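Q: Got a structure for you, questions after.
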């Protein structure tokens, strides 16, 4: 399935700048060691993508939820911002050049955006486990993409 969610026109402000890049790096290192982010009641992973324009490796700490057959589900929420997060576009450009970091291991994965009934089922699971995602969805006019990360088989 394609990565085809357009940006919206309204939503939460997404902080940016040098401090936020530093915080993102700090959080990614913590998540890679502990599998958690401060303040979250669900597990976290570090998503490593290849920049769609830059070709550089990018690390993003994200909350995750268990998917079918040992997959991981993540949401391109950006806290309900009107624009999809940068890592979403990196996945669109390079869905087969993705890794996740969990405590003590790095796993090559393939990314797939869920649509239709698959998305709806995953969305129900995610919002039941973490109701803040439903609040993020209410604050923006874009549909928050749900991404399944499946371990690569060589």
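The values are calculated or read from the model by the stated rules, or taken from the named source; none is laboratory data. The model shown is predicted, which means the values in this text are computed figures rather than measured ones. As a convention, Cβ positions derive from the backbone with ideal geometry for all residues, glycine included, and neighbour counts pool all protein chains shown.
Q: How many of the residues making up the range 98-122 are surrounded by fewer than 16 Cβ atoms within 10 Å (Cβ to Cβ), in contact with a strand residue (DSSP E or B) (Cβ under 8 Å, 6 or more places away or on another chain) and not in a strand (DSSP E or B)?
A: Total satisfying the criteria: 0.
Q: Report the residue count in the range 80-91 for those that are surrounded by fewer than 21 Cβ atoms within 10 Å (Cβ to Cβ) and touching a helix residue (DSSP H, G or I) at 6+ places or on another chain (Cβ under 6 Å).
A: 1
Q: Can you name the residue in the range 36-60 that is assigned to a loop (DSSP other than H, G, I, E, B) and surrounded by 12 or more Cβ atoms within 10 Å (Cβ to Cβ) and, of all such residues, is modelled with the highest pLDDT?
A: Ranking the qualifying residues of the range 36-60, first place goes to 51.
Q: Kindly indicate which of 138, 120, 125 is touching a residue at least 24 places away in the same chain (Cβ under 8 Å) and over 23 Å from residue 15 (Cα atoms).
A: Details: 138 fails: over 23 Å from residue 15 (Cα atoms); 120 fails: touching a residue at least 24 places away in the same chain (Cβ under 8 Å).
Checking each option against the conditions leaves just 125.
Q: A follow-up question, please. Hey, among 144, 149, which residue is in a loop (DSSP other than H, G, I, E, B), surrounded by 14 or more Cβ atoms within 10 Å (Cβ to Cβ) and within 14 Å of the chain's Cα centre (by Cα)?
A: Just one listed residue meets the conditions, 144.
Q: If we scan the range 26-35, do we find a residue that is modelled with pLDDT under 75, touching a helix residue (DSSP H, G or I) at 6+ places or on another chain (Cβ under 9 Å), surrounded by fewer than 19 Cβ atoms within 10 Å (Cβ to Cβ) and over 21 Å from residue 147 (Cα atoms)?
A: Within the range 26-35, none of the residues are modelled with pLDDT under 75, touching a helix residue (DSSP H, G or I) at 6+ places or on another chain (Cβ under 9 Å), surrounded by fewer than 19 Cβ atoms within 10 Å (Cβ to Cβ) and over 21 Å from residue 147 (Cα atoms).
Q: Against the condition out of contact with any helix residue (DSSP H, G or I) (no Cβ under 8 Å at 6 or more places or on another chain), surrounded by fewer than 17 Cβ atoms within 10 Å (Cβ to Cβ) and not in a loop (DSSP other than H, G, I, E, B), how does residue 69 come out, does it pass?
A: yes
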